[in-house]
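Trainee: I'd like to ask some things about the structure below.
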Amino acid sequence: MAQAFPESFLWGGATAANQYEGAWNVDGKGASIPDHMRGGDVNTPRQIDAEFDPDALYPSWEATDFYHHYEEDIALFAEMGWNVFRMSINWTRIYPTGMEDEPNEAGLAFYDKVFDCCRAHGIEPLVTISHYELPYALVEKYDGWLSRELVDIFFKYGKTVLDRYHGKVTYFLTFNEINIGLANMGCTLSTGLIKGFTGTMAEIDRTATERFQAVHHQFVASSKLIKYAHENYPEVKMGNMIAFLPTYPLTCNPADVLANQATMRQMDWYCSDVQVRGHYPYYAKRLWAENGIELDIQPGDEELLAEGTVDFYTFSYYQTNTVSVDPNAEQMKGNMTMGGKNPYLEASDWGWQIDPTGLRIFLNEIADRYDNIPLMVVENGLGAFDEVVVEDGVERIHDPYRIDYLRKHVRDMGEAVADGVNLIGYTWWGPIDVVSAGTGEMRKRYGFIYVDKHDDGTGDLHRARKDSFFYYQKVIKSHGTDLD
């Protein structure tokens, strides 16, 4: 029998408003960056349009329509046994351009209904305040997070969220996968450095100084909001969220080990060192110097970073890669990035290497680094092709590959808990089918719940339980011990 998780453990799933909610221009909502992005696929980068093309398909406009199905969906989540639902608030539903003096009451009222519905089903909302949905108006006026003006604009939005929902939500995350903003691809969804840009995500090329400066502004904004929460709502817990992209040295060549250490520092540790410890790490100055990065750190920024540290650490985990100084080392596709092939691992249909043991390894590494701060795995899952079959007049989706992925990752999380890691929650990514952030596809499905929506925009949006729905239900009911 597998290791048991604590009875207080939080089991659930995770979604993002821009990939799930739909209703993109309903009840006063404004346009966000994803609303300007077309669909793509594993070989075709997503196109960003500064101006909407009337003949193009923008998958976030309808997504899988949580806006009109939230009661049905939350009831299905409760049927699985969830006690936590990680979701995000759509910034442009609250402040359509980000620059309004007063929030949009219709948007605030929608989330009141969602949170009340969650509570009625015994589900704790875990809310990401900014999850890849920057108002497009802030791109047009400020070039996104490159401008320091966004610190106060975000604070106004975040303060509105905290003031309104602190009695209904205990756990908040400030920015989703904040470290993705350090990479060129993150200039789209994460930091919005695309003023006037029309083209594919692969064509964006901003300087390292611009990318790191934008993330510095997000650090300051996050800390400012966390400080406000701690001073006004001590019952609220504020967390960060890291796209954890761990790597191994390809070989025991010391040069590979050093290269891997540098990669981990920049992509995995840099942002959380700031948000957990409250200051830039000792290695930052050399990192900046070697990459020609010159940051504008204003008076008071360092004090604010120290005063606004997080209460808990959350991260996404999908895969691991390898690092080598060998220029001919084979590369694999991944979550927002490329990485080296690991000969000991299998890969998904989208080329993401599957490594459940790595989850245990890096849970321990994070716990070691941050004095066993409370941890949550808030994204983990398998995107795959699903086939709907009709058996005895009923739709069935048999997804043993997803069950196998879940089984192995839960088993290794249980081992990490037995190791002593302070792991308090797990939310599977895309527990109901959503639009892929990276490719804009629907056929890349993660869900335990199937949604009839397709890449060409067709589908009636009806929901159906996959085999993995009932498997996760069993896992939760057994506190993680029944994995057969």
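None of the figures in this text is laboratory data; all of them are computed from the coordinates on show. Keep in mind it's a predicted model, so treat the numbers as computed, not measured. Here the Cβ positions follow ideal geometry from the backbone for every residue, glycine too, while neighbour counts run over all protein chains shown.
Trainee: Using the membrane-span-like helix rule (whole DSSP H runs, Cα extent along the own axis of at least 18 Å, mean Kyte-Doolittle hydropathy at least -0.5), which helices of the chain qualify? Mind dumping the intermediate values first?
Mentor: Values: long enough: 66-80 (20 Å, -0.24); 105-120 (22 Å, 0.21); 149-165 (25 Å, -0.02); 208-232 (36 Å, -0.54); 356-369 (20 Å, -0.07); 400-419 (28 Å, -0.85).
The answer, listed by residue number, is 66-80, 105-120, 149-165, 356-369.
Trainee: In what sequence, highest mean first, do 284-295, 71-82 appear when ranked by Cβ atoms within 10 angstrom? Before the final figure, lay out each step's value.
Mentor: Numbers: 284-295: 13.2, 71-82: 18.3.
Going by the mean number of other Cβ atoms within 10 Å, highest first, we get 71-82, 284-295.
Trainee: Which of the peptides 318-329, 382-393, 449-460, 128-139 is most tightly packed, and how do the rest follow, going by the mean number of other Cβ atoms within 10 Å of each residue? Please report the intermediate quantities before stating the final value.
Mentor: Working: 318-329: 18.5, 382-393: 12.5, 449-460: 16.1, 128-139: 25.1.
So the peptides 318-329, 382-393, 449-460, 128-139, ranked by packing, come out 128-139, 318-329, 449-460, 382-393.
Trainee: Tell me, what ³J(HN,Hα) does each residue in region 22-27 have, in order and in whole Hz, if you take phi through Karplus 6.51 cos²θ - 1.76 cosθ + 1.60 with θ = phi - 60° and put x for Gly and Pro?
Mentor: Once rounded to whole Hz, the list reads x, 6, 5, 10, 9, 6.
Trainee: Right, next: Taking the Cβ of residue 462 as the centre, find all other residues whose Cβ is under 9 Å away and add up their charges (Lys, Arg: +1; Asp, Glu: -1). Present the calculation step by step, with values, prior to reporting the outcome.
Mentor: Working: positive: 463; negative: 395, 452, 460.
So the environment of residue 462 carries a net charge of -2.
Trainee: Right, something else. Where the only charges are on Cβ atoms (+1 Lys, Arg; -1 Asp, Glu), what is the dipole of region 389-433 about its Cα centre, to the nearest 20 debye?
Mentor: Details: 5 positive and 9 negative charges, 34 e Å.
Around 160 debye, computed over region 389-433.
Trainee: Okay, moving on. Determine the calculated [θ] at 222 nm for the chain from helices alone, applying -39500 (n - 2.57) to every DSSP H run no shorter than 4 residues and normalising by the residue count; nearest 500 deg cm²/dmol.
Mentor: On the way: 15 runs with 170 residues, N = 484.
It comes out at -10500 deg cm²/dmol, rounded to the nearest 500.
Trainee: Using Cα centres only, tell me the gap between region 143-177 and region 215-253 in whole Å.
Mentor: Answer, in whole Å: 13.
Trainee: What does the net charge come to around residue 152 if you take all other residues with beta carbon closer than 12 Å to its beta carbon, with K and R at +1 and D and E at -1? Please report the intermediate quantities before stating the final value.
Mentor: Values: positive: 148, 156, 159, 224; negative: 149.
Computed value for this residue: +3.
Trainee: Counting other beta carbons within 10 Å of each Cβ, put 118, 252 in order, fewest first. Can you show the working numbers first?
Mentor: Numbers: 118 25, 252 7.
Ascending Cβ contact count within 10 Å gives the list 252, 118.
Trainee: Separate question: If I model region 10-477 as equal point scatterers sitting on the Cα atoms and use the Debye formula, what is log10 I(q)/I(0) at q = 0.08, 0.10 Å⁻¹?
Mentor: The Debye formula, applied to the Cα set alone, gives -0.43, -0.69.
Trainee: Hey, how much of the P(r) for region 94-237 falls beyond 18 Å, as a percent of Cα pairs?
Mentor: On the way: 5902 of 10296 pairs.
Considering region 94-237, 57 percent of its Cα-Cα pairs are separated by more than 18 Å.
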